[in-house]
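A short write-up of the structure that comes next.
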Amino acid sequence: MKRRTSLSRRRVLASLALITVLVLASGALRITLEWKRALDDVDAMIVTPVTLPEPTPLPVISESTAGLTAAVAAERTPLPAQPTVPPAEDAPVNILLLGTDARFDEGPSRTDAIILVHLNPRTNVASVLSFPRDLWVEIPGFGHNRINAAYAIGERQLGPGYGAAIAKQTVSNLVGVPIHHFALINFEGFKTIIDEIGGIYIDVPHVIDDPRYPMDAFPGDVRTMEVRFDVGRQRMDGERALIYARTRHADSDFGRNERQQQVLVAIFDRLREQGLLAQITNVDDYTAALRDYIRTDLPRGEMLRLARVGTRLSVESVQRYAINSKMVVELEDPATFAVDPVAVREIVDRMTAGGVPPTAP
């Protein structure tokens, strides 16, 4: 009888062990499948980096693009070589974030959100620098124009993939440091990521009343609506956060740059809060939601490296800088305003050294 009982116990234990192995195996398989789907989604976002051509005669700008590239046909400069990706595992990296209101299948448009991100794994500090969309700069090979036209000019004049290369080189020449990668997101993707993480929390510093916010319900829509944000901490879904980041009639593009940084930091804070920078499970839910809205030249390995850096960062370690109204010089039409190069150099030196940003005016 004892032998039978012992045998029965061994069978029960063996059955439990088998069930445990099967559960673990099915969980591992699920994670593997999730990662496979996630990697497929990530691959859909990655574009092959292009190298800017050597100085050669560039195509003549047609009348159809004259408005976009005003005053550039008579002023062309050689195209410098693109910077290379930093080789060291702990090397700082500079990433240009670009935001556009166009779908990727609608053709290139101006990038109305332009932010340089500097990540330093050695010091666990991140810095962001915003550029006013109407800043007048030199676009390599195409003379001077608004900074938000660089991407569209590259795409239309040189071909697919060159928009990001031109935008990166334009900003690199302006700030004096190499731009290693870019990430382009359209506004639908912006709303999607915020909704996927359950919204964000923003502390609105002052009342914002914009009576002429563009509705953009369809291409060519010129209708506007009134939007208002009261003072204080508030939760925003994707639609509301996008309006907050885009509105500018209540103040200026400089105020809008500040709000864009607020939203960017709030997204990062939410990701950290939910552990999404380190978690393995359900990662494909997020990549699937974003694959149609993001384009980047960050390779997989670099994404993983930066994700690891992100887990070590805190909101307090994100330094925020901006080109403000005290740093610019008004120009005559058709130009807008330029930035003092000495002031830019001072800001970039401070942000790459991890220093405290200057007080905003």
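We did not get these values from a lab; they are worked out from the coordinates using the rules stated. Predicted, not measured: the structure shown is a model, and the values here were computed from it. Backbone-built Cβ (ideal geometry, glycine too); neighbour counts: all protein chains shown.
Condition check ((1) touching a Leu at 6+ places or on another chain (Cβ under 8 Å); (2) closer than 19 Å to residue 320 by Cβ; (3) in a strand (DSSP E or B)) across all residues:
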{"residue": "123", "(1), (2), (3)": "no, yes, no"}
{"residue": "126", "(1), (2), (3)": "yes, yes, yes"}
{"residue": "129", "(1), (2), (3)": "yes, yes, yes"}
{"residue": "132", "(1), (2), (3)": "no, yes, no"}
{"residue": "136", "(1), (2), (3)": "yes, no, yes"}
{"residue": "140", "(1), (2), (3)": "yes, no, no"}
{"residue": "150", "(1), (2), (3)": "no, no, no"}
{"residue": "154", "(1), (2), (3)": "no, no, no"}
{"residue": "157", "(1), (2), (3)": "yes, no, no"}
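Test residue 184 against the criterion of being surrounded by fewer than 23 Cβ atoms within 10 Å (Cβ to Cβ), closer than 22 Å to residue 94 by Cβ and out of contact with any His (no Cβ under 9 Å at 6 or more places or on another chain), and give yes or no.
Working: surrounded by fewer than 23 Cβ atoms within 10 Å (Cβ to Cβ): no; closer than 22 Å to residue 94 by Cβ: yes; out of contact with any His (no Cβ under 9 Å at 6 or more places or on another chain): yes.
Considered against the rule, which asks whether it is surrounded by fewer than 23 Cβ atoms within 10 Å (Cβ to Cβ), closer than 22 Å to residue 94 by Cβ and out of contact with any His (no Cβ under 9 Å at 6 or more places or on another chain), residue 184 comes out as no.
Taking strands (runs of 3 or more DSSP E) that fall entirely within segment 165-269, which contain at least 1 residues that are touching a strand residue (DSSP E or B) at 6+ places or on another chain (Cβ under 7 Å) and within 30 Å of residue 50 (Cα to Cα)?
Details: elements: 181-186, 200-204, 208-214, 224-229, 232-236.
The qualifying strands (runs of 3 or more DSSP E) are 181-186.
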